[in-house]
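A short write-up of the structure that comes next.
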Amino acid sequence: MSQEQCDVLVVGAGVAGLAAAVAAGKEGAKTILVEQSSVIGGTATRGMLRQICGLYPAGAAGPSSTLNSGMCRQVADALNEAWSFSRPLERGRVLVLPFRTTDLTSCFSEWLRAAGVECFFETRVTGVQTGGRTIVEVMARGAEGPQSFFPAAVVDCTGDAAVARLCGAAEDKAGLPRRQMAGYVMRLRELNAVASLVLQVPWVLARGVAKKQLPPAARWTTLEAGDAEDEGYLKLSVPPESANASFEIEAERVVAWLREALPSFAQARVAAASGVLEREGSRLSGEYELTEEDVLRGRKQADRAASGAWPVELWDPERGFILRHLDGAEYYDIPLSCLRSRGLQNLWAGGRCISATPEAMGSARVMGVCFATGEAAGRGAAAWAGRR
Ligand SMILES: Cc1cc2nc3c(=O)[nH]c(=O)nc-3n(C[C@H](O)[C@H](O)[C@H](O)COP(=O)(O)OP(=O)(O)OC[C@H]3O[C@@H](n4cnc5c(N)ncnc54)[C@H](O)[C@@H]3O)c2cc1C
């Protein structure tokens, strides 16, 4: 069995874990990043996402005017340099930054290298050993068998608090009051007249649902134009009861139905599919739990770790997409105490597993905020490891 000592162990190489690992490495901590898949980027990569939400306050002037400085600004500047189309775009009352996942992952690959982070891919964390109020060992299974890590501090960026769950330091609040719909993204080719399909697809699907030819959640489907002329991204919503591997069959059924219903869709071919992407899961039991009131009232916090400005975005199985904007405030703060475990002194969290109610998570889970909470958690963990 291989054994590794380190200052900071970051688990999960989604956007939060990448930011955490780079930040910890830059602080001079011996940092290891463990990821169960073979690629970086997590949901952003699997979901073939194309817009970073939550990077900007309303009215931001240009790519560099990010709400959080540090990693968020570095990401915005690097994406803008890699692709000149990467400028903030208005979407109603919010701003998003278009990006290509390949640019994002190549920037982070370079930054991980520069920060001296050692990466273990295809390595899944399966167990945690605690002693008193401290994690002493993290067990994992990699391609070459079992592996043990002995970190001074751990940052859980697994999206569903996998590390915290393994040591009883997590809560599953995701089902309260109603679990949000997950997503399923398909990249389609050989579409005709994509711009008109963008309008037609939701409309004909709603008609199909009304006639009971399609399941109710099909009415929350959208089509987004891709970069190539014949390309589009079909985004389906997955109700809690269908969020399993067999959803692929339901998704294929929707595509088949659209081929019949719309001549411009008749030749559509599925080039890639994301699998089911959960919006929320378990979260860290933190010292403080961020609430919807904190978000909507724009509450400022003394131990600020990051700020957010994205509205509370919920995907309700019955009502569909719901947005609740901040109540007159420009932004709210996320305190460091949401990133720190209540019970274990060397456990931190970033991204989708920070301590927040389901509604507050509806704002804090977008990529722009995940970069910031991941960075703060990585930095906090490195400082804690350095003080030991
Ligand atoms: C359908 C959908 C569409 C979205 N669209 C957008 C959008 O357009 N713009 C936007 O800004 N946000 C969007 N979001 C939200 C955003 O993409 C995610 O919330 C964010 O990327 C989460 O990042 P993360 O790093 O916290 O977690 P994740 O991306 O979930 O990363 C967690 C990583 O941990 C790894 N992992 C998990 N368990 C283990 C383990 N035991 N051992 C080792 N590794 C493990 C996983 O493999 C994964 O790589 C969307 C979300 C969904 C579901």
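The values are calculated or read from the model by the stated rules, or taken from the named source; none is laboratory data. Computed from a predicted model, the values in this text were never measured in an experiment. Note that each Cβ is placed from the backbone with ideal geometry, even for glycine, and that neighbours are counted across all protein chains shown. Heavy atoms of the whole protein, side chains included, go into the accessibility calculation; ligands, DNA and RNA do not. Shrake-Rupley method; radii C 1.70, N 1.55, O 1.52, S 1.80 Å.
In whole angstrom, the stretch 143-285 maps to an equivalent ellipsoid with semi-axes of 37, 19, 12, each derived as √(5λ) from the alpha carbon gyration tensor and ordered largest first. Computed over the stretch 233-296, the range of Cα coordinates on each principal axis works out to 54, 27, 20 Å, biggest value leading. Ligands, DNA and RNA left out, the 1.4 Å accessible surface of the chain is 49% carbon and sulfur atoms. Here, the stretch 326-388 is characterised by an Rg to Rh ratio of 1.01, where Rg is the alpha-carbon radius of gyration and Rh the Kirkwood radius.
I'd like the orientation of helix 247-261 relative to the chain: the angle between its Cα long axis and the longest Cα principal axis, in ° from 0 to 90, rounded to 10. Between helix and principal axis, roughly 30 degrees.
The shape of the stretch 1-157 can be summarised by an equivalent ellipsoid whose semi-axes, obtained from the alpha carbon gyration tensor, come to 33, 15, 13 Å from longest to shortest. Of the two radii for the chain, the radius of gyration is 0.97 times the Kirkwood radius, both from the alpha carbons; that is the Rg over Rh value.
Taking 16 Å as the cut-off, the amide N atoms of the stretch 231-256 that come nearer than this to a point 7 Å along the Cα-to-beta-carbon line of residue 193 belong to 231. Note on the stretch 169-241: semi-axes of the ellipsoid equivalent to its C-alpha gyration tensor, largest first and rounded to whole Å, are 28, 17, 8. Among 18, 323, 67, the largest mean-square fluctuation in a Gaussian network model of the chain (Cα springs under 10 Å) belongs to 323.
Positive end of the dipole of the stretch 62-190, charges at C-beta (+1 Lys, Arg; -1 Asp, Glu), about the Cα centre: which of 121, 82, 161 has its Cα farthest in that direction? My answer, from the dipole projection, is 161.
Solvent exposure of the chain amounts to 42 Å² per residue of accessible area, where only protein heavy atoms count and the probe is 1.4 Å.
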